[in-house]
Amino acid sequence: MRKPGVRLNNSTELLVDIEEAGGQALSTGLGLAGNTDLDIVRNPSLSKAPYLGRAMIHKVFALSRDRVENQRTYLSLFEELPRRRLEIRFGKFSMPDFFDLNSVGTDTHFQFNNWSVDNNGAWDYAADTRGYTVGIVADYEDRNWGFRFAEALMPKVANGIDLVWRPWQVHAENWEYELRRGVFPKKSGVVRLLAYTNYANMGIYRDANAQFNEGLVPAPDITHHPWHITRKYGFGVTLEQNLTRNVTAYARWGWDDGRTESFAYTEIDSTFNQGIGVNGTQWHRKQEPCRYCFVSNGIKKDHQIYLADGGLGFLLGDGKLNYGRENIVESYYTAHVWRGIYIAPGVAYIVNPGYNRDRGPVVVPSLRAHVEF
């Protein structure tokens, strides 16, 4: 992965991210709504050649004279930013670069692996197969709060690699309000409120079930419909709270309307996720955090009937379904081996994988290595 960038002046920069990803996921990424690895290549037929992940223009409009320190990352090269500002980004990016973040469960390289833990599972955010879209993000930041909005393109088909370049027809909107204030007095924290709408060529589960019941198709097929634009919407809440100097807890809740085809992210209509992170300073190992989380995922009744009658989604479909919520526990420990070398052993325990009581439980161990130089 290579992330070059250039600052054009004190308020404008050009950022480019060139990536390379290959391999094949466990069970080719199928059979779980909350998959065990957010970094998997969901379509193994994609080329393994390097590709353009992100490419964006980032413009900052200063709305105050005082400035705050900014941590340089692949999403911003500025050392300082105005405390009150408007940031505009245009180009290719991933929605979770800017929305639904928290300090305990967001980064698969250093935190949890499960994609219904690091992102809100019910947030069917605009993305191609690799997780990227093209659009614009506007982010207003003040001292203790922020508000951001994004307009982006949707894929042609569920989990597809090609985007539809007709934003007047096929598009997605995302809104997020962030209040940087703790729930507990005198302890820091953050509250984030998320909402989204998608407009794309998506099927309706009830219509697909009706076609099957009328004998028009041998099994429910959510893609069996003429081109039409339907709307999907949902909401999310994230709470992040410092309990002590070295212990941070968080919780996520997500919901979408559930009537419309799961299209871009995963097959989850409702989710609740809670976790806790302990800094290694507790045992005199500052660079060695330990974290634990629990997530419960579900789907709405029409979606359940669709899978029970033999329908297939882009991730799920056993030919039948004895429905139960998919419940997952994940934990890991990051060990600092030497200089920039880290290893992170972990384990996930999954009950009712793919919402099916007749499957599982499943134990998935993991081991990650991270090298910095």
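Here, each number is a calculation from the coordinates, and none is a lab measurement. Keep in mind that what you see is a predicted model, and the values were worked out from it rather than measured. Glycine also receives a Cβ, built like all others from the backbone with ideal geometry; neighbour counts cover every protein chain displayed.
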- Task: Do me a favour and compute the ellipsoid semi-axes for region 55-110 from its Cα gyration tensor, root of five times each eigenvalue, largest one first, whole Å.
- Result: 22, 15, 10
- Task: Report the relative contact order of region 5-371, percent, no decimals, based on alpha-carbon pairs under 8 angstrom and at least 6 residues apart.
- Result: 13
- Item | Ratio Rg/Rh, restricted to region 92-181 and using Cα atoms, in which Rh is the Kirkwood radius | 0.99
- Once the mean of 1/r over all distinct C-alpha pairs in the chain is inverted, the Kirkwood radius in Å reads 21.7
- To the nearest 0.05, what FRET efficiency results for Glu372 and Asn242 with a Förster distance of 41 Å applied to their C-beta separation? 0.95
- Here, Ala62 and Asn213, labelled 7 Å along Cα→Cβ, have an inter-label distance in nm of 6.4
- Message: Tell me the net charge near Asn114. Cut-off is 10 Å between Cβ atoms, Asn114 excluded, with +1 for each Lys or Arg and -1 for each Asp or Glu.
- Response: -3
- Dipole of the chain, Cα-centred, from +1 at each Lys and Arg C-beta and -1 at each Asp and Glu C-beta, to the nearest 20 debye? 1100
- Cβ-defined net charge surrounding Leu194, 13 Å radius [Lys, Arg +1; Asp, Glu -1]: -3
- Message: Cut-off 10 angstrom, C-alpha nodes, Gaussian network model of the chain. Which of Gly360, Gly189, Gly340 fluctuates the most?
- Response: Gly340
- Note on the structure: Sorting Ala152, Ile57, Leu86 by the position of each Cα along the dipole of the chain (Lys, Arg +1; Asp, Glu -1; all at Cβ), the one nearest the positive end of that ordering is Leu86
- Message: Could you list Asp118, Asp302 so that the one with the fewest beta carbons within 10 Å of its beta carbon is first and the one with the most is last?
- Response: Asp302, Asp118
- Would you calculate the volume per residue, in Å³, of the smallest convex hull containing every Cα atom of region 208-286? 135
- Message: Give the lysines reachable from Lys59 as a straight Cα distance under 24 Å; neighbours fewer than 8 places away on the same chain don't count.
- Response: Lys3, Lys92
- Query: Once label points are set 7 Å from the Cα along Cα→Cβ at both Ile341 and Val363, what is their separation, rounded to one decimal in nm?
  - Reply: 2.9
- Message: Going Cα to Cα from Lys187, which lysines come in below 24 Å? Please leave out same-chain ones fewer than 8 positions away.
- Response: Lys286
- Partners for Lys300 among lysines (Cα-Cα distance below 28 Å; same-chain residues under 8 apart left out): Lys156, Lys232, Lys320
- So, in Å, what gap is there between the alpha-carbon centers of region 34-83 and region 291-330? 31
- How high is the FRET efficiency from Phe147 to Glu19, r the C-beta distance, R0 35 Å, rounded to 0.05? 0.75
- Query: Sorted by mean Cβ packing within 10 Å, highest first, what order do the peptides 364-371, 32-39, 284-291, 171-178 take?
  - Reply: 32-39, 171-178, 284-291, 364-371
